[in-house]
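The structure appears right after this line, and notes come after that.
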Amino acid sequence: MKRPLLSLTSLLLSMTAQAAEPLAPPGTPASAFPRPDRPVAEIVAPLWASEAERDKVDEVGQVARLMKISPGESVADIGAGSGYYTVRLAERVGPSGRIFAEDVTPRYLADLTSRIARAKLDTVTVVRGEAHDPRLPAGSLDAAVLIHMYHEITQPFGLLHNLAAAMKPGGRIGIVDADTLPSKHGTPPALLRCELSAVGYRETGFSVLEGGVGYLAVFEAPAAEARLDPSSITPCKDVATRSNRR
């Protein structure tokens with residue numbers, strides 16, 4: 001009896017299992033961190049709006065300029081989804097730079113791997129992370145971006161804590177989101193500041209992006225000696241349901 005052929009989806013997922021792997025040993029486990037005291041939105045799509053619409057308002061360009069992302073830098077696209085930022089940031093950092101396209105969803109990782117291969121982007125590495133840990137090498141990143149997905153992170157305190165370990169001294173984190181409630185697929189800036197502060201991050205910039213694509217909040221990751229013990233992290237109860245710009 002002949003064995004059935006693998007479906008295209010099964011084949012892609014199989015390829016992803018081989019191509020997209022964690023790049024670092026496990027960090028601090030999820031059990032060490034408190035859950036956020038707020039709703040966590042469901043992961044609904046790898047692309048929140050069409051690439052043409054986003055290019056029309058130069059979304060990536062705005063973020064890259066405000067974050068001062070430069071040629072030769074190493075940047076992580078956390079929750080890379082469709083790879084919209086990944087491919088554009090790869091062009092920005094150039095052949096001497098490095099992009100880590102990280103995600104936790106197998107289907108997105110399969111599509112990312114395929115897109116990167118088609119584009120022949122040798123400076124991009126697709127990485128399989130976990131909800132509480134991006135699994136990136138220690139001290140490897142100049143910057144990281146989390147684009148329209150912070151509200152979907154089930155373990156934000158764990159992810160931020162373990163991401164800090166992957167940052168170089170002075171490494172910067174840029175978060176783009178909508179100023180609305182997590183249940184409506186956004187994060188109020190006050191809530192974002194509270195949660196980042198709870199893990200030891202320091203805010204260095206805040207801008208409302210042109211074209212109605214949300215806001216960009218930029219933070220500096222805590223240095224190794226300043227990282228907080230997970231047991232001292234307290235969820236942000238008093239700002240979990242408020243939506244208000246700076």
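The values are calculated or read from the model by the stated rules, or taken from the named source; none is laboratory data. Computed from a predicted structure; not experimentally measured. Here the Cβ positions follow ideal geometry from the backbone for every residue, glycine too, while neighbour counts run over all protein chains shown.
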Those residues of region 165-177 which are in contact with a strand residue (DSSP E or B) (Cβ under 8 Å, 6 or more places away or on another chain) and hydrophobic (A, V, I, L, M, F, W, C), in sequence order: Ala166, Met167, Ile173, Ile175, Val176
Looking only at region 172-189, and only at residues there that are assigned to a strand (DSSP E or B) and of a type outside the set (Lys, Arg), the one that is farthest from Val208 (Cα to Cα): Ile173
Qualifying positions in region 145-163 - more than 12 Å from the chain's Cα centre (by Cα), surrounded by fewer than 24 Cβ atoms within 10 Å (Cβ to Cβ) and of a type outside the set (Val, Ile, Thr): Gln155
Tally of residues being at pLDDT 90 or above, surrounded by 15 or more Cβ atoms within 10 Å (Cβ to Cβ) and either touching a strand residue (DSSP E or B) at 6+ places or on another chain (Cβ under 8 Å) or acidic (Asp, Glu) (or both) across region 8-36: 5
